[in-house]
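Take a look at the structure below.
Derivation of every value follows stated rules applied to the coordinates shown; laboratory data play no part. Because the structure is a prediction, the values reported are computed rather than measured. Methodologically, a virtual Cβ is constructed for each residue, glycine included, from the backbone with ideal geometry; neighbour enumeration extends over all protein chains shown.
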Amino acid sequence: MNSITPQEQDFSPTSSSTVNPKADTKHSVLVCQYRSCEKNGSAAVLAAFESGEIPGVEVTGSNCLGQCSTGPTVRVLPEETWYCRVQPQDVPEVIERHLLHGKPVARLLHPRFHPYAQYYIP
């Protein structure tokens, strides 16, 4: 069987947009839409971000981000903030605190990329 593992996946967004933000884009939000994230509700997370319609924020569904055991995974560029186990009800807080006011949501930070998240003071 010719199966591709997450490590072999193309981590680029699934839409025609690029990972690099456009000139008028302040943030790019990538929401994993691969198997395990999708099984854990990433389509609803993506829909919640898309319904936010935040100026200067480009939201894109992506292929596997390589964090299958902690999905749904959300990656915010350009600052490389990784969120794990994001649920649709978490999205308004991410939008308000992080995307609009620049303060990451500590309880959702992925410990692999942000090992000191528990010490983060919002």
Checklist entry - By count of other Cβ within 10 Å, fewest leading, how are 34, 83, 116 ordered? => result 116, 34, 83
Checklist entry - Under a 5 Å amide H to amide H cut-off, with H placed in plane at 1.01 Å, what residues pair with residue 28 once short-range neighbours are removed? => result 58, 77
Next on the checklist: Just to be sure I understand the model, the point goes 7 Å from the Cα along the line to the Cβ. What's the resulting residue 63 to residue 106 distance in nm?
Outcome noted: 3.7 nm
Checklist entry - For the range 81-95, in order, what is each residue's ³J(HN,Hα) by Karplus, 6.51 cos²θ - 1.76 cosθ + 1.60 with θ = phi - 60°, in whole Hz (x at glycine and Pro)? => result 8, 10, 10, 10, 6, 6, 10, x, 6, 7, 4, x, 5, 5, 4
Checklist outcome for this item: Sequence order, the range 64-79: Karplus ³J(HN,Hα) from phi using 6.51 cos²θ - 1.76 cosθ + 1.60, θ = phi - 60°, Hz rounded, Gly and Pro as x, gives 4, 9, x, 10, 4, 7, 10, x, x, 9, 10, 10, 10, 10, x, 7
Next on the checklist: Pairs of alpha-carbon atoms within less than 8 angstrom and 6+ residues apart define the contacts here; what relative contact order does the range 26-114 have, in percent?
Outcome noted: 32 percent
Checklist outcome for this item: Note, the range 44-50: 3J(HN,Hα) by Karplus (6.51, -1.76, 1.60, θ = phi - 60°), whole Hz, Gly/Pro = x, goes 5, 5, 4, 4, 5, 5, 5
Checklist outcome for this item: Shape call for the range 28-122, from the Cα gyration tensor axes a ≥ b ≥ c (a/c under 1.5 means rounded, otherwise prolate when a/b beats b/c, else oblate), comes out oblate
